[in-house]
1. Between I109, I87, which is farther than 25 Å from E336 by Cα, assigned to a helix (DSSP H, G or I) and not aromatic (F, W, Y)?
2. Could you list, ordered by first residue, the pairs with Cβ atoms under 9 Å in which the first is in the range 125-149 and at pLDDT below 85 and the second is surrounded by 17 or more Cβ atoms within 10 Å (Cβ to Cβ) and of a type in the set (K, R), at least 6 apart or interchain?
3. What pairs can you find where one residue is in the range 28-46 and in the same structural domain as L86 (by TED's automatic domain parsing) and among the charged types (D, E, K, R), the other is surrounded by fewer than 21 Cβ atoms within 10 Å (Cβ to Cβ) and modelled with pLDDT under 75, and their Cβ atoms are less than 8 Å apart, with a gap of 6+ or different chains?
4. How about the range 112-126: which of its residues are part of a loop (DSSP other than H, G, I, E, B) and of a type in the set (D, E)?
5. For E236, state whether it is more than 19 Å from A310 (Cβ to Cβ), under 21 Å from the mean Cα position of the chain (by Cα) and exposed (fewer than 14 other Cβ atoms within 10 Å of the Cβ).
6. Within the range 262-273, is there a residue that is of a type in the set (G, A, S) and within 23 Å of P150 (Cα to Cα)?
7. For the range 100-122, indicate whether the set of residues that are at pLDDT below 85 and either more than 28 Å from E44 (Cβ to Cβ) or of a type outside the set (V, I, T) (or both) is non-empty.
8. Among the listed residues E191, E200, E268, identify the single one that is surrounded by 20 or more Cβ atoms within 10 Å (Cβ to Cβ), under 21 Å from C319 (Cα atoms) and charged (D, E, K, R).
Amino acid sequence: MGLAFLRVPKLGDLEMKRFKNILYVADSSGVVLNAFHHAVGLAERNNARLTVIFVVKKIPSYRSQVKQQALRQIVIKKLEASLERLIDWAAGRVDIEGKIVEGKPFLEIIREVLRNGRDLVIKPTWSEDNISTWLFGTNDMHLLRKCPCPVWLIKSTEHIEIRRILAAIDFADDDEPGPDVVEPLNRKIMELAGSLAFIERSEFHIVHAWTVVGEDIMRSARTGFSKEEINSYIDEVRQQNHSSLNRLLNKTRKWMSSRTYDTIAPIEHVLKGNACQIIPTLARKLNIDLIVMGTVANTGISGVLIGNTAETILHQIDCSVLAVKPPGFVTPVVLEE
């Protein structure tokens, strides 16, 4: 299978260069080559360094020493050939290097991030039958939970094109400016999603799902609330959520400059309902190619838990995902065991 040479036109002085040190997690299967094309294009447009890494699982120690060494040499030699082919294709376009390491894939990927300050991990993923259901593997979920830098899981298809991007944001109750978790995370989501929408010339959609605390109880006949009181309360919550989004959009215009903001022209979706249902449904309706979302629950920064809402959404979507951690996140993975 040949490597088609993909040229992506350079953008003007508005281009937002977000990444400088990208790590691409390679696979020897030819089905993921298009994901590599995209990683090279992104590195090229960001003037970023690109490192390609193969992670080899260690040969089980119960095998004889002779067979273990022979098998390891065969595997390494095959991966070296694949690595050389990838590097040769990208040479001249980006500053690129390759690595082959042994161990548990997610651990070695995260350690590579920690050891060398990678600011983005790109990893292809695919469906079990390459046709219908796209599933996250175990290593994907570990990366989403524990990798300190953004993780872009690219759905491997015949053609990878980012035509529509959806940024999923959320607000704490009574959201006010301050050094909390929510606003810094929303800023990272908006800046990364907006940057990619600009670079890819994509439609840029923003979704915020909101619910009304106590609505079910208020509708109970025993509480005594009138229909007018309930509707007034719901309208108040709706207006509060629209106001929160408007504040975020005004700040986003300043963060990324008015010219860039006007170029990407965000399309807002402030929808009543549970985020676990709203976001996957909207993504399917709009034929979204990439969702940018936070993957740590708002109630405290954890190095292990991804957050119930985020994890439920991830298992329902059928598009690529760029997962973002909030400032202050510390991975539980260490460089030495």
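The values are calculated or read from the model by the stated rules, or taken from the named source; none is laboratory data. Since we're looking at a predicted model, the values are computed, not measured. Heads up, the Cβs are rebuilt from the backbone with ideal geometry, glycines too, and the neighbour counts pull from every protein chain shown.
1. From the options I109, I87, the qualifying one is I87.
2. T125/K155; W126/K155; S127/K155; W134/K155
3. Taking only residues 6 or more apart or on different chains, the pairs are E44/V8; R45/V8; R45/K10; R45/L11; R45/E15; R45/K17.
4. D119
5. Judged against the criteria, E236 is not a match.
6. No, the range 262-273 has no match at all.
7. no
8. After ruling out the rest, the residue left standing is E200.
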